[in-house]
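**Q** Take a look at this one; I'll ask things after.
The values are calculated or read from the model by the stated rules, or taken from the named source; none is laboratory data. Treat the numbers as computed from the prediction; the structure is a model and nothing was measured. With ideal geometry, Cβ positions are generated from the backbone for all residues, glycine too; neighbour counts draw on all protein chains shown.
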Amino acid sequence: MKKLFYIILSTIFLLSVSSIYAQEKSPLPKEFSVKVTVVSSETKEPIKDARVEVNGQTFRFSGINGYYTVRTTAGNLLEVSHPNFNTVNYTIKDDEDIRIEVEGFTPERKSKLSSSYSKRKQTGLYLQYLDSVQFYKKKDIDKSLSFIEKALLANPSKAQRASVFKELANVYFYWKQYDLAVENYQISLQQVNSPRVRLQLAKAAFLAKNYSSSEQNYLQSVKSGALNSYERLTAYQGLGDVYLIQKNYDKAKANYEKALKIARKNLITPKITDLNSKLAEVYVQQGKRQLADSLFKNSLELANKENLKRSLLEEQKVADFYNKSQRYDEEIQLRKNSLKKADDIVVEAESSESLVDSITSQKINYKIGNAYLQKSEYEEAIPYLKKSIEDADKNKDIIIGKDATRRLSEAYERSGNHLEAIEAYNSYVKLVDTLYSRKEQEIQQLKRFRKRILDNQNRIVSLEKDKKLADSKISLAYKDQQLVEESNKRQKWVIYSLIGGFLLMVLLVYFMFRTNKEQKLANNLLALKSMRSQMNPHFIFNALNSVNSFIAVNDERSANRYLSEFSALMRSVLENSDEDFIPLTKEIELLELYVKLEHNRFKDKFDYSIYVDKSIPLEQYSIPPMLLQPYIENAIWHGLRYKKDKGRLQISMCPKNNESITILIEDDGIGREKSIEMKTKNQLKQKSKGMSTIKKRIAILNAMYQDKISVAVSNLSEEGSGTRVELTLKKDKNKL
């Protein structure tokens with residue numbers, strides 16, 4: 001039953017494709033010329049600088065005839081726009097002349113004041129500069145950008161500024177600087193929210209591989225409801241491209257079908273061809289090759305009705321589909337047909353806006369030879385590969401020449417012509433070396449070209465004083481860094497192709513090193529945490545012993561006061577227990593509170609003082625939490641506590657040099673040697689463990705933070721009494 005359901009579903013789809021195919025084979029609509037006149041409703045004078053478009057094609061004003069001549073077909077949407085009046089849309093029904101009167105457009109009169117004349121003159125210059133930008137866009141980017149600067153200096157209005165930045169983005173888009181195109185489309189949109197500019201932004205974002213931004217802008221432009229039929233078609237097709245590259249085939253198919261519906265309704269034949277081909281690509285990705293085959297044949301039939309270039313381009317796309325489907329005979333036959341057309345189109349392709357390299361004779365011959373190789377028909381492949389190499393050498397196409405030479409070597413090898421195979425392989429190696437050198441030169445040229453463009457862009461953006469535009473300025477250093485990273489990636493790619501196996505080994509070693517480094521860092525962090533967890537219970541235990549001693553002598557008030565101050569200290573200690581470093585000011589507060597607590601218990605044993613030099617910029621120093629406390633605790637518990645008369649504890653912080661300070665902890669207690677003699681074996685073990693933990697903690701911190709701390713412990717007097725701890729702390733590097 002399930003099989004029967006799939007058979008019925010497939011039959012319905014094939015019938016629908018067949019109906020579409022039959023519908024597309026209907027005669028193309030007749031094209032005709034329409035005279036379009038655009039005038040001001042107030043003065044009845046013609047407007048010569050309006051933008052007149054049909055399906056994305058722009059038509060210029062004829063000064064001789066006094067109107068715009070538009071080539072179109074019935075059903076197309078005519079759009080007339082200008083920075084100084086609202087856009088007018090009109091659906092063309094037949095070849096009758098069209099007259100459009102716009103309101104609110106009044107040219108300046110010569111009789112007005114000089115300020116008005118100056119303003120009119122600036123507006124005229126602005127329009128001249130904008131025309132120059134468009135004229136030089138495809139010829140000289142430096143001149144085009146210089147006229148952008150002049151247009152901005154002509155004090156344009158907000159709408160005019162939007163047009164300037166849109167044209168600037170168009171220049172970058174043509175020269176494939178898609179990131180800069182995106183930035184300037186966004187600046188244009190900040191001035192005037194134009195659906196057409198948003199569509200261009202979406203396309204530029206797609207080519208810059210920012211697919212989420214592209215999708216968002218396409219959807220936003222569709223939801224605006226301000227698009228004409230051709231723009232909505234473009235938006236749906238763009239969404240289909242975004243979803244296709246993200247492998248969301250259901251959404252891609254749905255949007256292509258929406259675009260195709262609009263194209264059929266408005267008889268936009270080139271888009272019908274494109275969308276049939278796009279839908280076929282979706283089916284190829286989904287593995288539905290039979291359905292893809294039907295749509296590719298349909299697109300090929302439609303392309304043949306358009307022009308030679310479009311037909312040839314579609315033939316290569318279908319031939320690639322045959323190759324992936326292992327239908328080599330059909331691929332070879334189709335490419336041989338294309339080969340006959342290639343010589344006729346090469347002049348047209350070289351003069352067009354974008355050279356379609358897939359229609360060059362060397363590449364077609366290479367693809368034919370490659371197909372024969374895949375069929376294991378080596379003798380048939382050799383002539384086509386030789387011809388490809390010959391044409392590539394003539395046209396200086398090293399990339400195709402290299403690939404064809406490599407495949408020729410394989411053909412000779414597999415057909416038993418080993419000497420020819422070796423000779424071809426040696427030629428391949430030479431071509432690889434040549435290509436490598438050329439790529440390095442191209443990378444350097446691209447770097448210089450990019451730097452020049454960024455300099456111009458930086459100057460142009462600096463002219464815009466508006467706050468929103470100022471926030472959108474480009475950081476030249478950041479762009480340069482991006483260029484270096486991009487250049488490095490390309491250089492690495494060339495190196496990868498030459499030393500593949502060796503590079504894999506280097507990468508493996510690198511990743512092992514990085515993993516070991518990360519593991520070492522993780523181990524250090526874990527060790528620090530473990531040490532802090534050892535020190536905190538020890539500190540808490542000693543403090544609780546102090547509370548116990550107050551309770552033992554029935555000093556409830558002292559015990560309560562001690563507990564209150566101890567809880568405040570513990571709260572601060574626990575807050576910083578997970579930090580490697582805390583501000584020095586916080587550590588001083590903790591020390592003052594801690595020493596105060598210990599002094600409350602041993603008032604009859606010692607007095608203390610804490611001195612901090614006022615010239616020390618405390619905010620520029622940080623220190624590991626609870627680092628000084630163990631030294632102070634040792635001084636009190638193992639030095640001053642055993643002294644018969646009252647001792648002295650002194651803590652001082654003084655600058656050592658411009659980059660570090662010295663922290664001194666001095667006590668005049670019994671000294672370290674006598675303290676050891678007075679302890680039990682169990683106490684000796686505990687001390688050794690505590691001091692070794694501090695030393696390890698300092699060693700790990702210095703390893704992680706480049707010798708930030710150093711500690712020296714010595715006797716205060718020559719007789720061995722008293723202890724002096726000298727700690728050197730370096731200033732934080734990020735605050736130097």
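**Q** Tell me, please, whether a residue that is surrounded by fewer than 18 Cβ atoms within 10 Å (Cβ to Cβ) and closer than 28 Å to Lys451 by Cβ can be found in region 192-204. Can you show your working first?
**A** Step one: list which residues in region 192-204 are surrounded by fewer than 18 Cβ atoms within 10 Å (Cβ to Cβ), which gives 192-193.
Subset that is closer than 28 Å to Lys451 by Cβ: none.
No - not one qualifying residue is present in region 192-204.
**Q** Here is a further query. Identify all residues within region 17-60 that are among the aromatic types (Phe, Trp, Tyr) and modelled with pLDDT of 80 or more; write none if there are none.
**A** To start, the set of residues in region 17-60 that are among the aromatic types (Phe, Trp, Tyr) comprises 21, 32, 59.
If the condition is that a residue be among the aromatic types (Phe, Trp, Tyr) and modelled with pLDDT of 80 or more, then Phe32, Phe59 are the ones that fit.
**Q** Looking at (1) in a helix (DSSP H, G or I); (2) at pLDDT below 85; (3) closer than 20 Å to Asp732 by Cα, can you tell me which one Leu627 breaks?
**A** (1)
**Q** Tally up the residues in region 626-640 that are under 15 Å from Leu716 (Cα atoms), in contact with a helix residue (DSSP H, G or I) (Cβ under 9 Å, 6 or more places away or on another chain) and not aromatic (Phe, Trp, Tyr), please. Talk me through it step by step, then tell me what you get.
**A** Within region 626-640, the subset under 15 Å from Leu716 (Cα atoms) is 631-632, 634-636, 638-640.
With the extra rule that they be in contact with a helix residue (DSSP H, G or I) (Cβ under 9 Å, 6 or more places away or on another chain), the set shrinks to 631-632, 634, 636, 638-639.
Within this subset, residues satisfying the condition of being not aromatic (Phe, Trp, Tyr) are 632, 634, 636, 638-639.
Count: 5.
**Q** Taking region 349-394 as the search range and keeping residues that are assigned to a loop (DSSP other than H, G, I, E, B) and modelled with pLDDT of 80 or more, which one is farthest from Asp329 (Cα to Cα)?
**A** Restricting attention to region 349-394, the residues satisfying the condition of being assigned to a loop (DSSP other than H, G, I, E, B) are 352-356, 360, 375-377.
Now drop any that are not modelled with pLDDT of 80 or more, which leaves 360, 375-377.
Values: Thr360: 21, Lys375: 9, Ser376: 12, Glu377: 11 Å.
Per the criteria, the residue is Thr360.
**Q** Within region 374-416, can you find the residues that are of a type in the set (A, V, I, L, M) and surrounded by fewer than 21 Cβ atoms within 10 Å (Cβ to Cβ)? Break it down into steps so the answer makes sense when it comes.
**A** Of region 374-416, the ones of a type in the set (A, V, I, L, M) are 381-382, 385, 389, 392, 398-400, 404, 408, 411.
Ile398, Ile399, listed by residue number.
**Q** Here is a check on your reading of the model: is Met691 within 17 Å of Glu726 (Cα to Cα), part of a loop (DSSP other than H, G, I, E, B) and modelled with pLDDT under 80?
**A** Taking the combined requirement at face value, the residue does not satisfy it.
**Q** Then there's this: Taking region 185-228 as the search range and keeping residues that are under 21 Å from the mean Cα position of the chain (by Cα) and in contact (Cβ under 8 Å) with a residue 60 or more places away in the chain, which one is farthest from Tyr256 (Cα to Cα)?
**A** Ile187
**Q** Right, Pro617: surrounded by fewer than 20 Cβ atoms within 10 Å (Cβ to Cβ), under 49 Å from the mean Cα position of the chain (by Cα), on the phi < 0 side of the Ramachandran plot and modelled with pLDDT of 80 or more or not?
**A** Yes; evaluated as a whole, the condition is true for this residue.
**Q** Looking at (1) at pLDDT 75 or above; (2) surrounded by fewer than 16 Cβ atoms within 10 Å (Cβ to Cβ), can you tell me which one Lys708 breaks?
**A** (2)
**Q** Let me ask something else about it. Based on what the data block shows, is Asp142 loosely packed, with under 15 Cβ neighbours inside 10 Å, out of contact with any Cys (no Cβ under 7 Å at 6 or more places or on another chain) and assigned to a helix (DSSP H, G or I)? Don't jump to the end; show me each part of the working.
**A** On the way: loosely packed, with under 15 Cβ neighbours inside 10 Å: yes; out of contact with any Cys (no Cβ under 7 Å at 6 or more places or on another chain): yes; assigned to a helix (DSSP H, G or I): yes.
It is true that Asp142 is loosely packed, with under 15 Cβ neighbours inside 10 Å, out of contact with any Cys (no Cβ under 7 Å at 6 or more places or on another chain) and assigned to a helix (DSSP H, G or I).
**Q** Could you grab me the full set of residues in region 330-340 that are among the charged types (D, E, K, R) and either free of Cβ contacts under 8 Å to residues at least 12 places away in the same chain or in contact with a strand residue (DSSP E or B) (Cβ under 6 Å, 6 or more places away or on another chain) (or both)? Walk me through how you get there before you give the answer.
**A** From region 330-340, those among the charged types (D, E, K, R) are 330-331, 335-336, 340; that's our starting set.
Glu330, Lys340, listed by residue number.
**Q** Filter region 565-603 down to residues that are touching a helix residue (DSSP H, G or I) at 6+ places or on another chain (Cβ under 9 Å) and of a type in the set (Lys, Arg) and give me whichever is modelled with the lowest pLDDT.
**A** Among residues in region 565-603 that are touching a helix residue (DSSP H, G or I) at 6+ places or on another chain (Cβ under 9 Å) and of a type in the set (Lys, Arg), the one modelled with the lowest pLDDT is Arg601.
**Q** List the residue pairs whose Cβ atoms are under 9 Å apart, where the first residue sits in region 241-257 and is touching a residue at least 60 places away in the same chain (Cβ under 8 Å), the second is of a type in the set (Ser, Thr, Tyr) and assigned to a helix (DSSP H, G or I), and the two are 6 or more positions apart or on different chains.
**A** none
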